[in-house]
1. Arrange L83, L157 by Cβ neighbour counts within 10 Å, fewest through most, would you?
2. Check each of the chymotrypsin sites (Phe, Trp or Tyr not before Pro) in the range 73-161 and keep only those in coil by DSSP with at most 12 other C-beta atoms within 10 angstrom; list them in order.
3. Need the full-extension length gain, F77 to E39, defined as separation in residues times 0.36 nm minus the C-alpha distance. One decimal, nm.
4. First measure r as the distance between the Cβ atoms of K109 and R158, then evaluate 1/(1 + (r/R0)^6) with R0 = 25 Å and state the FRET efficiency to the nearest 0.05.
5. For the range 98-176, take the convex hull of the Cα atoms, compute a quarter of its surface area, and give me that in nm², please.
6. Per residue, how big is the convex hull around the C-alpha atoms of the range 96-232? Give it to me in cubic angstrom, could you?
Amino acid sequence: MIYLLSISLTFADNKIIKIYEEQFKQGLISEEEYNAVKENFENKNSKKQNKQKKELKLIKKKTSKKSNLLKKKEPIFDDDLALLEIYDKNKFEEEFKKYPNEIIEFFGKNSNNVTRAKKAGQYMSIEFNRSAKGQAKFPGRMIKAMAMFEFVYIDRLREGKVALLRYREKKNSKYFRNSVDQKKIRSLISMNNGRKKMREALGMTLDTPRIEAAKKFWYLGEFLEMGTAVKNENYDKNLKKRKKLLNDYKQKISKLKEKIQSEEKKTELN
């Protein structure tokens with residue numbers, strides 16, 4: 001519509017200019033008068049065209065926005081839903097007591113699920129936002145950040161507990177907070193998929209106990225932080241065990257880095 005109107009206006013203006021041109025040729029008006037009229041119409045058409053371009057751009061923007069809103073959201077599959085745990089404060093607090101001393105000391109013996117998630121989130125924010133050069137300089141910290149992800153996920157389960165319980169009960173019916181619940185559940189599923197990819201990079205699955213997964217990430221991170229090994233006859237026996245872990249995962253480091261880069265783009269701690 002706007003395009004057709006533009007053609008009509010331009011055609012009419014051109015006819016008027018033609019009339020003035022004929023008058024100029026016949027000596028009825030001066031060259032100065034003719035040029036002034038011609039310039040006036042050209043400027044007017046230029047302004048109209050710019051205005052119409054802006055209007056078209058605005059219409060396209062609105063249409064695109066509306067189109068995005070109408071896009072079908074990712075469905076929530078029962079298989080993904082079944083993998084989400086129901087948050088149990090006592091269970092996770094008791095579980096924390098069984099972590100390696102290094103992890104307990106990092107968070108603090110008197111920490112709770114919420115404070116641990118906050119500290120883990122801060123740690124992840126620093127490590128996942130490092131430049132490629134920074135990540136290469138501190139590879140151990142990047143691996144430990146994978147362990148931190150487990151603690152952030154626990155807190156997301158806490159935040160989404162009510163929505164998860166309600167959705168499981170009413171998923172086949174329409175209810176007031178359905179869309180809000182679905183949003184939280186999709187976020188949990190996305191995070192759980194992130195956990196899966198991180199674990200798979202080191203040969204683990206979602207069935208691997210959380211304590212075991214965090215321990216493997218943490219110990220591997222410690223080894224990478226150690227740098228060049230030196231000969232020491234009186235080293236701690238635990239280092240021998242950890243060295244074995246490092247050798248077991250050495251072949252998978254490159255794959256792990258790829259997964260980390262993938263998760264950096266996806267994870268914003270919803």
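1. By the 10 Å Cβ count, ascending: L83, L157.
2. Answer by residue number: F77.
3. That works out to 7.2 nm of additional length.
4. Once the sixth-power term is evaluated, E becomes 0.80.
5. Here the figure is 7.7 nm², rounded to one decimal.
6. Normalising the Cα hull of the range 96-232 by residue number yields 137 Å³.
All of the numbers you see were taken from the coordinates with simple rules; none came from a lab. Source: prediction; values computed, not measured. Positions of Cβ are generated from backbone atoms using ideal geometry, with glycine treated the same way; all protein chains shown enter the neighbour counts.
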